[in-house]
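Report on the structure given below.
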Amino acid sequence: MNAPFTDALAASARPLIMEVKLRDAAGRELLGARGVAETVERFEAAGAPCLSVVTGRWFGGTEGLLAEVAARTSLPLLRKDFVTNRRQLERTRELGASAVLLTAKLLPGGVLARLTDHALELGLTPFVEVADEADAALVTRGPECVVAINNKDITTRERLPPNPTRSRALLPAVRSTGTHYPVSASGIDTPSTAAHLLNEGFTGLLIGTELLRTPDLTTWCTELDTARRAPADGRSTG
């Protein structure tokens, strides 16, 4: 089955899943005067292979935001929300997404497995988010899923500082799920940190707040590319 989201991510020379999010965890506005249209154009110009759209109300999101982004781009889209039932999956597909967030920390194992199956039946890529080895052990059909390590703590509504070392520590457990698409998500705040994670073996990175706030996205991405090419001796990549 053709999987637009993972195909685009795997083929990208700069595999950043750039995120459209209205507010940060503290409730601060992120788009400002740019608005949705300019934000999408900015991400496309930066070479994003796919986009994430946060529809969760914690971050000011709505289904309408996903529909608006889908109307403005042909890039594959990930819906980020707390999806817990089949109807939400069906609605996600109707709104134009290619992938859907499934949060292992919030779903019993059997429910996660059933939602994974139904997502795949609908042609959606399950984007399974994990925060520890126990979460990773719940992943089913790993080769057909993205498995993403969240560097923030959702139990505190992501209001505490991120822990990017979590991604490095959990990468072996994520690989053991069989996924071809390990992703590090959230709290990635510099090009050097991003480069280090990609150089360590992550297929992609999901970055939201940092890319929305940076005044010069082109420079940020150029610095990432430069850092990825630098010798992996611990001095150049952070």
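The modelled label-to-label distance for the pair Thr190/Ala33, using points 7 Å beyond Cα in the direction of Cβ, is 3.0 nm. Here the relative contact order of the chain, from alpha carbon pairs under 8 Å that lie six or more residues apart, stands at 18 percent.
Over the chain, all Cα pairs binned in 10 Å intervals from 0 give whole-percent P(r) values of 8, 35, 40, 16, 1, listed from short to long.
When the helices of the chain are scored as -39500 (n - 2.57) per DSSP H run of n ≥ 4 and the total is divided over every residue, the value at 222 nm lands at -11500 deg cm²/dmol.
Can you list the residues, at least 5 places off or on another chain, whose amide H is less than 5 Å from the amide H of Tyr181, using H built in the peptide plane? For Tyr181, the qualifying residues are Val147. Rounded to the nearest 20, the size of the Cβ-charge dipole of segment 4-229 about its Cα centre is 300 debye, with Lys and Arg at +1 and Asp and Glu at -1. Taking every DSSP beta bridge that has both ends in the chain, the antiparallel portion is near 5%. By the count of other C-beta atoms within 10 Å, a proxy for reagent exposure, Lys152, Lys105, Lys80, Lys21 are ordered fewest to most as Lys105, Lys152, Lys21, Lys80.
If you take the Cα centroid of segment 207-232 and the Cα centroid of segment 96-116, the two points sit 30 Å apart. Placing a label point 7 Å from the Cα of Arg93 along the Cα-to-Cβ direction, the residues of segment 1-41 with a backbone N closer than 16 Å are 1-5.
Throughout, read-outs are computed from the coordinates displayed, never taken from laboratory work. In this text the structure is predicted, and so the values were computed from the model without any measurement. As a convention, Cβ positions derive from the backbone with ideal geometry for all residues, glycine included, and neighbour counts pool all protein chains shown.
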